[in-house]
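The values are calculated or read from the model by the stated rules, or taken from the named source; none is laboratory data. Predicted, not measured: the structure shown is a model, and the values here were computed from it. Every residue, glycine as well, gets a Cβ built from its backbone with ideal geometry; the counts of neighbours run over all protein chains shown. Heavy atoms of the whole protein, side chains included, go into the accessibility calculation; ligands, DNA and RNA do not. Shrake-Rupley method; radii C 1.70, N 1.55, O 1.52, S 1.80 Å.
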Amino acid sequence: MTYFHERESIAKGADVLIEDVLTTVTNRFIGSHPRKAPLFRTFNRGGFLRRSDYRYEMNLHEKFPDMPVGSFVYVWGKLWMEQENDLPFRVSCYGPVRVYINGEKKFQSNINQDVFPELKTDFRAKLSQGWNHFVIEFEKTGTGCGARFGTGSAKGFPLHFLAPSAEREGQEGWIYSGPQSERWSVSSLPRAEATEAGTGFQWLPRNQWSEEDSNRGSFSRIFGNAMGQQAFAWSKLHNKDYKPQQLTLQGKHQGPWALYMNGELIHQGSEDSGSFELPLSLSPGTHDLVVKSTCTSSEWGVQWEELSEGAIQWTSPHPIEGLTDTWLYLGPFSVSSAPAAGDTARLDKVFGPEGEETYWRADQPDTWVRPYLENTMFGKWNYPLGVTLYGILQTGRELACNPYIDYVADHIEQCTSYNEYAHWDSRQYGAPGLNSQLTLIDSLDDCGSFGATMLQANKERELQGARGAADQIAHYITNVQDRLDDGCLYRVRGTVDFMKDTIWCDDLYMSTPFLCRYYELTKDISYLDDAAKQFLLYKSKLFMPEKQIMHHVYDMKFNKTNGVPWGRGNGWVLFSLTELLSVMPEDHGLREELISFLQELCEGYLRLQGVRGLWHQVLTDPESYDEASCTSMFMYAFARAVRFGWITNPEPYIQAVFKGWDGLAATCIDKYGNIYGVCRGSGYSYSPLYYKDQLSWLLNDTHGIGIVLLAGIETLRLRKFLAAQ
């Protein structure tokens, strides 16, 4: 199989520099996925919360307990798509449900689904590029009304629906009608251009203050009568001129208050209520202003007079979609638990004592600010990205290129710095708007790969929140992840029933590199011992002694292996074993046994290298396609085994590494740095044809980019090692 014309290969000649290949591949990835911060939106808690499976809980019977049988409720939301796509959706019905997308009916429940809400029904729908409007019709019957609705891919690709109307532009969540006695016709369903007012119906949750509340000050209507407590408001003043400007802030206050600018106290208000005038000199640029107010009566806080036209204006403390003014609010706190005002101007943490934490909110009914990760790559936490970032990190180290290291550290720190917040967000709203896999860990895939890279990056610079995330992952792997009686890690759950109660050779990578890094961090040998034990346990269940390679899966439901030596699964095993041996003390009791296992595996894999230097998708089937990620992992491990002296006959492995690199560069990497021939994420099967034909390759799949980089690095190190002999 040929992935591209030879003229497009990055290897235009045998003397192509490995360093140039590493640079081209890394630059292409970083250029395609630049830094992007989380997107902040408002969210109305009167809407629908989500469950941990990221589906919205649309129980209309709970919203309208007196709704008569035979009435209807309509729910409306929109979803943005960067390009046309076919997406999976999942619904569990509490009564009859009809889903319309862009005016077309895409799903209608049947009588069986209507009465068994525990059923999960999947359907797919093709969405257009741009905004897609969803209207869901719910009918009230004797069994209930509503559904649990959302993505069919859970944490892998959470979907954040937005309020569809101009009146709530930028806000996350759905809006819904009150009970309707008559069913709406399809032509009357709200469309993309509709406004709430234009539909002629009152939509919920309530988005505007009542007239009475509107006449009160913002602190009073948001926090109510919180006698003796404190709260904060945060905005920014922006001086767009090139020189300092003089201004006078004017307004009224009720009760004691203080004003901080850029973290420093600049005004302490009196105990009494009244007007104030505060002269300021404001340098060019943007300045944080934080108000601290103490409640001493039913009315409290500060009201500002409008600024006169000029170079200075109020601006939101951060771009927040759905925010209707320039202020955010935090509180209330008892005086003893209130944070220092100078430390509040940030969005990456929750505030307050344990059990009473809170976060910023908007001056709208029951409306809070939440961060959402809507990037396709930067800032995401998943195991293939853990491998990719590890490759970029090591490339930065090998080439002494600090921008590569900084890119990896920034990506990971965007995850870890929000770890504490994301857990709070999940407790409040059912599923977090970011860090879904780290926050809701329920498998080794969720934590081990990315966590191992996190600890490597943390050696370069201390990452905010990394130690807490590492402790969380270590606790999960050691105390929560399912194990057999002998301690072997296994999968008690699966995305489908067929995958339950299985042992995958992939999971040696999903667990042991992290355990090794955590051992380095803590010096607690028990984590290294656990990693070593896993290799011997997996060997006892998955090793093929006659071929000296590994089955992909052992299925305990059938008490047998699946009989297929999948390339990347085997690659994970050998790759991870070298990670373990590289940090294992020379006097460790299992070291010699593990080196012997590595030697057996290397012998088995060496025999299976293909004629072009690559290994195959199904290792024993030369008619299956040349697969880049397993090739890279075998090369990586062979090169390290030679350098560290783990094998006694290095020459054939040296030749295999160089032959593998020549094959990779010539056939799997084009001149633009694109990576071809990387197998997509897998399920498993007892049929080799599943791996050979159905489990196809993807262009620039993150399962392979980092591994290809690591293979190049180890090939380069091997050349230097041999030259120094």
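Residues are listed down the side, and each one gets a yes or a no for (1) open to solvent by less than 10 Å² (accessible area, probe 1.4 Å); (2) among the charged types (D, E, K, R):
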| site | (1), (2) |
| --- | --- |
| 608 | no, no |
| 629 | yes, no |
| 634 | yes, no |
| 645 | no, no |
| 659 | no, yes |
| 674 | no, no |
| 689 | no, no |
| 694 | no, no |
| 707 | yes, no |
Which residues, taken from the range 465-489, are within 17 Å of residue 383 (Cβ to Cβ) and either among the acidic types (Asp, Glu) or in contact with a Lys or Arg (Cβ under 7 Å, 6 or more places away or on another chain) (or both)? 489
I want to confirm something. Restricting to the range 663-702 and keeping residues that are more than 22 Å from residue 623 (Cβ to Cβ) and of a type outside the set (A, V, I, L, M), which single residue is nearest to the chain's Cα centre (by Cα)? 702
Check residue 353 against each of (1) at pLDDT below 95; (2) in a helix (DSSP H, G or I) and name the one condition it does not meet. (2)
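Okay, residues lined up against (1) touching a His at 6+ places or on another chain (Cβ under 9 Å); (2) surrounded by 12 or more Cβ atoms within 10 Å (Cβ to Cβ):
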{"site": "58", "(1), (2)": "no, yes"}
{"site": "61", "(1), (2)": "no, yes"}
{"site": "64", "(1), (2)": "no, yes"}
{"site": "67", "(1), (2)": "yes, yes"}
{"site": "72", "(1), (2)": "no, yes"}
{"site": "76", "(1), (2)": "yes, yes"}
{"site": "79", "(1), (2)": "yes, yes"}
{"site": "83", "(1), (2)": "no, no"}
{"site": "88", "(1), (2)": "no, yes"}
Would you point out the residue of the range 394-413, among those that are open to solvent by 30 Å² or more (accessible area, probe 1.4 Å) and either part of a helix (DSSP H, G or I) or in contact with a Gly (Cβ under 6 Å, 6 or more places away or on another chain) (or both), that is farthest from residue 378 (Cα to Cα)? 398
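What residue, of 323, 330, is assigned to a loop (DSSP other than H, G, I, E, B), under 18 Å from residue 347 (Cβ atoms), open to solvent by less than 50 Å² (accessible area, probe 1.4 Å) and touching a residue at least 12 places away in the same chain (Cβ under 8 Å)?
Details: 330 fails: assigned to a loop (DSSP other than H, G, I, E, B).
None of the other options fit; the residue is 323.
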When residues of the range 335-389 are limited to those that are surrounded by 22 or more Cβ atoms within 10 Å (Cβ to Cβ) and among the aromatic types (Phe, Trp, Tyr), the one nearest to the chain's Cα centre (by Cα): 381
So in the range 454-490, with the set limited to residues that are over 20 Å from the mean Cα position of the chain (by Cα) and aliphatic (A, V, I, L, M), which one is surrounded by the fewest Cβ atoms within 10 Å (Cβ to Cβ)? 480
Scanning the range 96-118 residue by residue, the ones that are within 32 Å of the chain's Cα centre (by Cα), more than 14 Å from residue 75 (Cα to Cα) and buried (at least 19 other Cβ atoms within 10 Å of the Cβ) total 3
What single numbered condition from (1) over 30 Å from residue 715 (Cβ atoms); (2) in contact with a Pro (Cβ under 9 Å, 6 or more places away or on another chain) fails to hold for residue 453? (1)
